[in-house]
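Nothing in this text is a laboratory measurement; each read-out follows from the coordinates by a stated rule. These numbers come from a predicted model, not from an experiment. All Cβ positions, glycine included, derive from the backbone under ideal geometry; neighbour counts span all protein chains shown.
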Amino acid sequence: MTFPNNLRAGVAIGAIAMFAVTANTAPSRAGDVASGRKIAAAKCQMCHGMDGQAKVPGAPHLSGQVEEYLMMQMKAFRDGVRKNDMMSLVAPTLSENDEADLAAYYAAIEVTIGKVPSE
Ligand code: HEC
């Protein structure tokens, strides 16, 4: 059996559409650390701290984390792709620019690595 050309074209268009959706999720501007700090003070510090060190069991440290990764995870919670009782409530209140600002803020907190086992 051979696949008709229009099916192949459909697959190609689908792939392009998926790419377009991904591209559209990028925030409209670079993250603003000062703005991120304000949002963190209002919405995040009780669990992640202003210093990005977790304050409740089960919450991860965010300080010094890779900026792109922080953005991806906030978006995943907002879209419901990643679910958590706490984060799934907070994430939908954030805009893409809020996420970029928060990612810039937490990523900018300097962390120092101490002893690595077996080194
Ligand atoms: C009530 C507590 C709580 C609040 C408030 C909260 N978080 Fe979280 N956050 C958590 C928990 C718990 C997890 C771990 C979720 C899981 O296990 O999947 C998490 C996970 C995350 C992750 C994923 C980190 C990783 O390593 O994958 C990011 C990013 C994050 N939170 C950012 C934020 C930001 C930014 C705010 C403020 C807008 C916020 N959180 C507010 C509890 C909280």
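Peptides 95-103, 71-79 ranked from most to least packed by the mean count of surrounding Cβ atoms within 10 Å: 95-103, 71-79.
Per residue, the convex hull around the alpha carbon atoms of segment 30-108 comes to 77 Å³. Note on Tyr69 and Ala41: their simple-model spin labels are 2.8 nm apart, each label 7 Å out from Cα toward Cβ. Packing here is the average count of other Cβ atoms within 10 Å per residue, and on that basis the peptides 105-118, 38-51, highest first, run 38-51, 105-118.
Along segment 33-45 the Karplus relation, 6.51 cos²θ - 1.76 cosθ + 1.60 evaluated at θ = phi - 60°, assigns HN-Hα couplings of 4, 5, 5, x, 4, 5, 5, 4, 5, 7, 10, 10, 4 Hz to successive residues, with x for each Gly and Pro.
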